[in-house]
Amino acid sequence: MIGVAWYLIDYHIGVITQAYVIMLLLLLGALAVVYDHYAIYRSNVGFTIKAFKLLKAWLAAFGFIVVMAFLTKQSEQYSRLLVAQLFIVGYFAQLLLHLATLEVQKKLLTHPNQLEAALIIGSGELASFLHQKISNNPWLGERVVGCVLIEAGDDRGKEDSESTQRLSILGNISDLDGLIVRHSIHTVYFVTPLDGSEVIKNIYLKLLDKHIAINWVPDIFSLRLINHSVREIAGIPVLALSETPLMGMRLFLKNLEDKVLAFLILLLAAPLLVAIAIAIKVDSPGPVFFRQERMGWGGVFRIWKFRSMVVHQLEDGIVKQAEKNDPRMTRVGAFIRRTSLDELPQLFNVLMGEMSLVGPRPHAIQHDAQYSPGIVDYFARHNIKPGITGLAQVRGFRGETKDIEQMIQRVESDIEYINNWSLWLDFVILLRTLFALTGKQAY
């Protein structure tokens, strides 16, 4: 990469100046940090996903040196054409290098005898999934010869796949010693449920003296995992099953994104907000704003919305969702709900830190109580700040939910958002929101 940059600089200006040396050093430092964050050299994914991840990382690293050049007022020392060429040529050079390395690795490991033999202890869907991933990962240099059952008669996963890479069952735990010798096993993977620690302990002690690499893959995937991760505390591996993605710098960046964009949108939309407020006041008696308690990341808060209905009393204390051709709707209310303009005052909730621009939509507390008993992981959607818009909304899961299946789809999208949160995902959702402000579900 640096060789490409060096060649381009030498080709354009004929000499490597101090400014360009500093730029290359900054780029190297940024690449080290950003590429480690995106696990560019530590993850095994398809080429398309790798190309996309590489583009995001390259954009972030390159963006850093561009920002630094402007902040230090040194941008005039660099050729715009050269910087643009370095960005384009540098990205494609890295892409070709990744592709070439992958192809070389595949050719070197095409013969099964060149791969180290691995054995899976356990069965079921996770064992089959692990087998498939190892078989499709040439970087590991391993081949799974099969699995052994932890308990006699446990044939889970025996016919669980129509794939040609079906996992063979070689026997039971009692056959383990003979299988290790017969297949020259170098690596063992324990695939056990969470309560299988006693099984692991017994077998682990037997394998210690056999110079075999021993790995444990706990079967946690029967649980709903929320932003799960693996980290280390004082040398002890810790597996996080459920946690918020908003910690440390990520929380700071999310808050910064929200406050800056919310302020700018409010500034630009101020005349529109005033016009809507006047129209509501003229159209029907009552307050301009509708306030209601909602549950969010930090507990209960009061949401801001433009009032779209006539002032009315709750029927038997029940909060009724808005429905199509709702008789409670005012003329102005029907328009602002159809265009989603009634949501604009929630920008104040964002500025107060109660909401985010993007996140799971907060429901009325009564609706939380109504749907949560039938959806086990319903409240997992509160592991991140609620939003004005979200992944569920841009997919069309908005407005009235007539049955629990519709709410399940919404919750599924909310949890998918939490598990995959990034500033880039927020940007994509905000962009898609512009095209989803109206529609069949907007009433």
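The values are calculated or read from the model by the stated rules, or taken from the named source; none is laboratory data. Predicted, not measured: the structure shown is a model, and the values here were computed from it. Cβ sites come from the backbone with ideal geometry, for glycine too, and all protein chains shown count toward neighbours. Areas reflect the complete protein model, heavy atoms only, side chains present, ligands, DNA and RNA absent. Shrake-Rupley method; radii C 1.70, N 1.55, O 1.52, S 1.80 Å.
Give me the pairs: first residue in region 329-343 and assigned by the TED database to the domain that holds V288 and more than 14 Å from K305 (Cα to Cα), second residue of a type in the set (D, E) and part of a helix (DSSP H, G or I), beta-carbon distance under 9 Å, and six or more apart or on different chains, which are they? Filtered contacts from region 329-343: T330/D283; R331/D283. Say whether the condition of being on the phi > 0 side of the Ramachandran plot and either at pLDDT 85 or above or surrounded by 14 or more Cβ atoms within 10 Å (Cβ to Cβ) (or both) is met by at least one residue in region 329-343. Within region 329-343, one or more residues are on the phi > 0 side of the Ramachandran plot and either at pLDDT 85 or above or surrounded by 14 or more Cβ atoms within 10 Å (Cβ to Cβ) (or both). Any residue that is within 30 Å of N137 (Cα to Cα), among the hydrophobic types (A, V, I, L, M, F, W, C) and over 22 Å from the mean Cα position of the chain (by Cα) - is there at least one of those in region 74-88? The answer is yes; a qualifying residue exists. So, F306, is that one in contact with a Gly (Cβ under 9 Å, 6 or more places away or on another chain), open to solvent by less than 70 Å² (accessible area, probe 1.4 Å) and aromatic (F, W, Y) or not? It is true that F306 is in contact with a Gly (Cβ under 9 Å, 6 or more places away or on another chain), open to solvent by less than 70 Å² (accessible area, probe 1.4 Å) and aromatic (F, W, Y). Is it true that some residue in region 221-230 is of a type in the set (S, T, N, Q) and surrounded by 13 or more Cβ atoms within 10 Å (Cβ to Cβ)? The answer is yes, given that some residue of region 221-230 is of a type in the set (S, T, N, Q) and surrounded by 13 or more Cβ atoms within 10 Å (Cβ to Cβ). Close Cβ contacts (under 7 Å, 6 or more residues apart or on different chains) running from residues in region 167-180 that are closer than 15 Å to L130 by Cβ to residues that are surrounded by fewer than 17 Cβ atoms within 10 Å (Cβ to Cβ) and of a type in the set (D, E) comprise I169/D155.
Can you confirm whether L239 is open to solvent by 30 Å² or more (accessible area, probe 1.4 Å), farther than 30 Å from Q366 by Cα, among the aliphatic types (A, V, I, L, M) and at pLDDT below 90? Yes; evaluated as a whole, the condition is true for this residue.
Tell me, yes or no, whether region 376-392 has at least one residue that is at pLDDT below 85 and assigned by the TED database to the domain that holds L272.
yes
For region 358-398, the tally of residues that are within 20 Å of E293 (Cβ to Cβ), touching a residue at least 24 places away in the same chain (Cβ under 8 Å) and either open to solvent by 40 Å² or more (accessible area, probe 1.4 Å) or in contact with a Cys (Cβ under 9 Å, 6 or more places away or on another chain) (or both) stands at 2. The set of residues in region 72-87 that are more than 14 Å from L59 (Cα to Cα), of a type outside the set (A, V, I, L, M, F, W, C) and part of a helix (DSSP H, G or I) comprises S75, E76, Q77, R80. Note on region 284-303: among residues that are open to solvent by 80 Å² or more (accessible area, probe 1.4 Å), touching a residue at least 60 places away in the same chain (Cβ under 8 Å) and assigned to a strand (DSSP E or B), the one that is nearest to I384 (Cα to Cα) is V300. Among the numbered conditions (1) modelled with pLDDT of 85 or more; (2) assigned to a strand (DSSP E or B), the only one that T192 does not meet is (1). For region 409-425, does any single residue satisfy the condition of being assigned by the TED database to the domain that holds R294, open to solvent by 10 Å² or more (accessible area, probe 1.4 Å) and β-branched (V, I, T)? No: zero hits.
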